[in-house]
Amino acid sequence: SFNSTSIRTDDDASLNATFRDDDGDPGTVFFQWFVNNNNVENDTVNLSGNGAAQVVLKGTSFQRSDKVNASVIASDGVSSTQPSNSDTFTILNTAPATNSAEISPGTPRTDDDLTATYNFIDQDGDSEAESEISWFKDSIEQQLEKNKRAISKSLTAKGEEWSFTVRPSDGLALG
């Protein structure tokens, strides 16, 4: 069984199988991973007797909306089981993130517009869409400036302290 079927593009998928042989013989469990019905990886786990086997498919093997499933065969060296196929699950969207958020210019003057700058990061490769930006003047949120990338110099004055926060969006999720 899968450890989770809520897998995102930045997660690894793991699968557990239990080997049981009535004679207590050692066994081998063969795993085949499929992404969109294409075999992308094969794993083999050798067990000295009855026990559990776990394998991992790295998140680099799939992307958002891919369909992932696995097939498992167990053998005690004499006989093998029929393939046991897992349910299929769909890889979910990963919420975007930001880093390096700062106001530009770094040392603004009264004749400068203030611009919110940051790096948009999306594991799925999505473009930025409708990120939420909140501006604060002297720690008070400026509702009329919500979601603006820049603040006009006509709205600022010497001695004010401006900052902003950003919740990145890829159009599917907010980070």
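The values are calculated or read from the model by the stated rules, or taken from the named source; none is laboratory data. This structure is a prediction, so every number in the text was calculated from the model and none was measured. Neighbour counts run over all protein chains shown; Cβ positions are idealised from the backbone, glycine included. Just so you know, the surface numbers come from the protein's heavy atoms only, side chains and all, with ligands and any DNA or RNA stripped out. Shrake-Rupley method; radii C 1.70, N 1.55, O 1.52, S 1.80 Å.
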inquiry  = In the chain, once you exclude exposed GluC sites (Glu not before Pro) (DSSP loop, at most 13 other Cβ within 10 angstrom), what's the longest stretch remaining?
reply    = 1-129
note = Cα-based Debye curve of the chain sampled at q = 0.08, 0.11, 0.18 Å⁻¹ gives log₁₀ I(q)/I(0) of -0.46, -0.63, -1.04
inquiry  = If the only charges are +1 at each Lys and Arg Cβ and -1 at each Asp and Glu Cβ, what is the size of the charge dipole of region 1-68 around the Cα centre, to the nearest 20 debye?
reply    = 380
query = What is the mean projected area of the alpha carbon convex hull for region 4-101, to one decimal in square nanometres?
reply = 7.4
note = Computed about the Cα centre, the charge dipole of the chain from +1 Lys/Arg and -1 Asp/Glu charges at the Cβ has a magnitude in debye, to the nearest 20, of 480
task = Quick one: net charge around Phe62, please, counting Lys, Arg +1 and Asp, Glu -1 for every other residue with C-beta under 12 Å from its C-beta.
result = -2
key: Accessible area of the chain divided out per residue, in Å², using a probe of 1.4 angstrom   = 60
task = Grab the chain and count how many Lys pairs have their alpha-carbon atoms under 16 Å apart, sequence gap of 8 or more, or different chains.
result = 5
note = The extension gain from Asp23 to Asn46, computed as 0.36 nm times the residue separation minus the Cα-Cα distance, is 6.7 nm
task = Pop out the carbon and sulfur fraction of the accessible area of region 71-129 as a percent, whole number, probe 1.4 Å.
result = 43
ask   = Given labels modelled 7 Å from the Cα in the Cβ direction, how far is it in nm from Asp10 to Ser139?
value = 3.1
query = So for the chain, taking the charge dipole from beta-carbon charges (+1 Lys/Arg, -1 Asp/Glu), which of Gln143, Thr117, Ala157 sits furthest toward the positive end?
reply = Ala157
remark   = Here the relative contact order (percent) of the chain, from C-alpha pairs under 8 Å and at least 6 apart, is 19
